[in-house]
Structures are given as C-alpha cells and as structure tokens.
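Below is one structure, written out as structure tokens, with a few remarks after it.
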Amino acid sequence: MNYLPIFLKVTDRPCLVVGGGKVAARKVALLLRAGARVTVVAPHCSGELRELASGEQVICRERNFEAGDIDGMVLAIAATDDEAVNRAVSELAKQRGIPVNVVDNPGLCSFIMPSIIDRSPVQVAVSTGGASPVLARLLRARLESFIPSAYGRLARLVDEYRQHVKRRFPDAGHRRYFWESILQGRVAELLFAGQEEKARTALQAAIDDTGENFDSGGEVYLVGAGPGDPDLITFRALRLMQQADVVVYDRLVSQPILDMVRRDADMIYAGKARDKHTLSQESINELLVRLAREGKRVLRLKGGDPFIFGRGGEEIETLAQEGIPFQVVPGITAASGCASYAGIPLTHRDYAQSCIFVTGHLKDGSVNLDWERLAKPAQTIVFYMGMYSIPVISEQLIAHGLPPATPVALVQQGTTPQQRVYIETLASLRDLDKRHTIKPPTIIIVGQVVNLHDKLDWFRSEPPGN
Ligand SMILES: C[S@@+](CC[C@H](N)C(=O)[O-])C[C@H]1O[C@@H](n2cnc3c(N)ncnc32)[C@H](O)[C@@H]1O
C-alpha cells in the first residue's frame, strides 16, 4: 500500500484551508460535514466561502497566508493556484507533524483525499493513490449505484441493538451468523423500503427467537422491469433481483433483464402473451402466496411499471388479504420509455397540455373507451395493447372530431436494439396492415407531439436501411 487508509475524527477540531476559490469552498463544505471548525485564509474569499462563514463553524481571514496560521491546527489543506503558497503550507505543516493535503499535487501531500460514498455512519472511501482521481470518481459512481441509500439507517439500527444482541448471543460465531441473516434479509429490506417500525419489530422478533430460525418468513417483491433496455431498471429492482430465491416473470420482461437475476434463482414463466395466458391471473396470485408461505423471497417481475396496465394491484391485493409481506418497486412504463427513445415528448408547451394512457384491449375483447374524452385537442393519447384495435382507434378518433391528419407513432419493441418507429396519421392507419407487419409489443402515440419525432429522434437502434 502506498497510503494507509484511515478515517480522521475532526468534530470540533480546528482545520485550516488556504485558498479562496471554488475548490477551497468544496473542501470547507466537506470538512463541515465532518463537524470540523474551519479557518479559511485567502486574500480574497469567494461569495460561497463568505456564505459558509456566516455560520459559527467557519472563519474567513481575507489576507495572505502567514506561517502562524497553521499553529494549533489538526489538519491543513492548500487549495490555491499559487505554487509558492501551496509549498509553504505543505512544508510548515510537515515540520509540525500536521497532516497536509495540497490539491492536485500529491508530491506535497502527507495525506490524499479519497472519493467518498457517504451513507453515514457507513462510509466508503475510494482512492487510486493519486494516480487517477477520475478513475476513483468513476468507481465511486458504480459503488453509489449499488449501495442502498438507507445503509446509514441500517447501520444506526444495528448499532442500537448491538449490545442487546451481544448478550443474547454470547458466542461470536453465532452472533455473526445472526447479523448476516439480518443484514441480508427481511429486516434490511423493510428498512430500505422505508418501513422502519416494522424493521425494528422484525429485528426484535428475531432476537427473541430461539436463535435458529431467524428471518424464515417469505415475502414478495413486485418489481417493474421497465420496457426492455436493462439500463432502465432501478437500483432497488437490481438489488432485489440479485437476492430473490424464485422469480415469477412475464413475457414482456426482456432477456437481458432476466440475465441480471441471481443465477441460482428458480425461474417460473407466467406467460401473458395476448390470449395465450400461460398461467391464469388467479393461479399467479395463488402461486405468489404459496411460494412466500414456503419461506421464499419471491420476485414478481413485470414489464414496465407493475401498476400501469400490469395487474400488479390485483396481485398484491391477494398478498395483503393473505397477510404476506410485500413491497412494490416502480418501473419505467412503456409510454415514457418508448416516447423518450422515439424522441416524442408526451407533453409540450406548444402541442399538448395533457397526456392520457389507455388500454386498447378490454376484458371482453372489445374496445369500449370514452372516445369523446380522448378526442380532445392539445392532448396526447397513448394506447397500450392497442395493436389489434388500430382500425377502431382510427375510426373512432376521427368520428369524434380529431382531424384525419393527426399524427400517430407506433413504437414497436421500444427501448430495445430492435426498436422500430412507424409514423402515420389517423387516416393512414386504415391500411397500415397492407404496408407493414407490426409486431408486439407496440405502443401507439396519438397527437401533435408526434411531429417532433423527426427533429428529436436520437435513438438509432438499427442501421438505416434495415
Ligand atoms: C399488459 S401491458 C403492460 C404494460 C406495462 N405494465 C408498462 O407499464 O409498460 C402490455 C403493453 O405495453 C406496451 N409495451 C410494453 N413494453 C413495450 C415496448 N418495449 N415497446 C412497445 N410497447 C410496449 C404494449 O402496448 C403492450 O401491449
């Protein structure tokens, strides 16, 4: 190791920052987060620094740096663009045994500043030993994405119960096993889902347990997988995908997303192709209950958002009735995913002040919509499951007053490398089937915003000519 990683306690301790610009302000802000008392010395302090100095923890001395400034400090940072001043701060600090950092000059530093992932009290510091701060920042971004933001709260909860658990499980091995099961199980998940009281109750119950059967209750995660592009799933969805014991997934969940699920999880296909439901909705509801009762962590993975034409509501109603714990993770719905990837803003100050999502496929197979409400000017209509209702959509919207020239976009397999966008009008939809074979899944967007596609289309999934 070129450097010894340590975490320094500076709460209420005097720290010196030499420099009055943006970088100095960033360092002062960081020191303040750690509770330090900061003295800033610079001939001119920026407005940002002066603002920080309006609190009690920061003093700005607007003058040149003097050797005496460093006396009594526990840490010094030089952030000026004057090489001689930076060097002087470094030498004086080193002579006095005070840790010193000179921004962008590792040769003058006795310590370097890492990139920080802050989930206080959990902190992760990343350093490349000064070799590449950019690489450290990139690494940090990756870590940020998979360390849940509630880790701090989790650590505080553990801290609260630590002594209690120590008394309950005097054996260190047993205690470690206990904490591992808590930190990777239901208590942690409840906390991440914002259910702190339930997490506390579950932790207490686990402590009161015989010690052999912690955390055995199953639960269901109803998770939206987005419209297809795996980069569009949420951090939480990814985490739950990687810890589930069993996955019940729909046809609409793309293969690249399924590839991100924990390798040894059991995969159950629930189907749901139009009119070819592999499992009926009732069987899916019952399956989720049964798997959770077996003590499994069940990931119910659905395309798009589970609460938008996803029947997610019905599934969790059954879970709630049966007393099975669950949580719902939203996903990007097809309308917003496909519209973004097709360069079609769903609302626009000049063209659409409202946007309405409807289904083109109803329970009994007929399209029975409030056409009058849909056929309004300055409104975007998005039809889910409308592929087989295209002639009705065209006919009814025109009959209810929309101009036949109203632009329409059909986005097929949106957000995936196979995405195709067909631009039509309400009138031209009539003979669409003679010109194109539209494949599922396809979403239909109707309204003046579709005209922006030509200008804003940015996602070229297939090479031109394909
Ligand atoms: C049963 S609904 C499910 C909607 C999903 N819950 C959501 O929020 O996107 C299925 C319909 O969503 C639309 N859809 C879903 N994914 C799509 C995609 N990648 N491209 C185009 N349309 C899509 C299609 O209209 C399809 O018929």
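Take the Cβ atoms of residue 141 and residue 34, set R0 to 22 Å, and the FRET efficiency comes out at 0.50. If you fit an axis through the alpha-carbon atoms of helix 312-322 and take the longest principal axis of the Cα set of the chain, what angle between them do you get, 0 to 90°, nearest 10? The answer is roughly 80 degrees. Atom-type composition of the exposed protein surface of the chain places 52 percent of the accessible area on carbon and sulfur (1.4 angstrom probe). Taking 0.36 nm per residue of separation and subtracting the current Cα-Cα distance, fully stretching the chain between residue 368 and residue 66 would add 100.6 nm. Please give me, ordered by residue number, the trypsin sites (Lys or Arg not before Pro) of the range 388-466 that lie in loop per DSSP and have at most 13 other Cβ atoms within 10 Å. Within the range 388-466, the qualifying trypsin sites (Lys or Arg not before Pro) (loop, at most 13 other Cβ atoms within 10 Å) are 460. For residue 260 and residue 111, the difference between the fully extended length at 0.36 nm per residue and the C-alpha to C-alpha distance is 49.7 nm. With a/c under 1.5 counting as rounded, go ahead and sort the chain into rounded, prolate or oblate using the C-alpha gyration tensor (a ≥ b ≥ c being the square roots of the eigenvalues; past the cut-off, prolate if a/b is larger than b/c, else oblate). Taking the square roots of the gyration eigenvalues as a ≥ b ≥ c, the chain is oblate.
Amide hydrogen proximity for residue 220: with H placed 1.01 Å from N in the peptide plane, the residues at 5 or more positions away or on another chain lying under 5 Å are 298, 326, 327.
For the cross-link pairs 9/198; 27/94; 9/94; 302/455; 27/198; 22/455, the ones whose C-alpha atoms lie over 27 Å apart are 9/198; 302/455; 27/198; 22/455.
Model label sites at residue 2 and residue 96, defined 7 Å from Cα along the beta-carbon direction, differ in position by 2.8 nm. In plain terms, the bigger the Kirkwood radius, the slower the diffusion; for the range 125-249, with that radius from Cα pairs, at 37 °C and 0.692 mPa s, Stokes-Einstein puts D at 196 µm²/s. Under 5 Å between amide hydrogens, built in the peptide plane, is the criterion, and for residue 425 it picks out 408 among residues at least 5 positions away or on other chains. Using a ≥ b ≥ c from the Cα gyration tensor of the range 14-126 (square roots of the eigenvalues), is it rounded, prolate or oblate, where a/c under 1.5 gives rounded and otherwise the larger of a/b and b/c decides, a/b for prolate? Verdict is oblate for the range 14-126. Residue 296 contributes about 60 Å² of solvent-accessible surface, heavy atoms of the protein only, 1.4 Å probe. Mind pulling the angle between the C-alpha long axis of helix 83-96 and the longest principal axis of the chain? Nearest 10 degrees, somewhere in 0 to 90. Value to nearest ten degrees: 60. Computed from Cα positions, the angle between helix 133-146 and the longest principal axis of the chain comes to roughly 50 degrees.
The values are calculated or read from the model by the stated rules, or taken from the named source; none is laboratory data. Fair warning: this is a prediction, and the values are worked out from it, not measured in the lab. So basically every Cβ, Gly included, is an ideal-geometry build from the backbone, and we count neighbours across all protein chains shown. Protein only, heavy atoms only, side chains kept; ligands, DNA and RNA dropped before computing areas. Shrake-Rupley method; radii C 1.70, N 1.55, O 1.52, S 1.80 Å.
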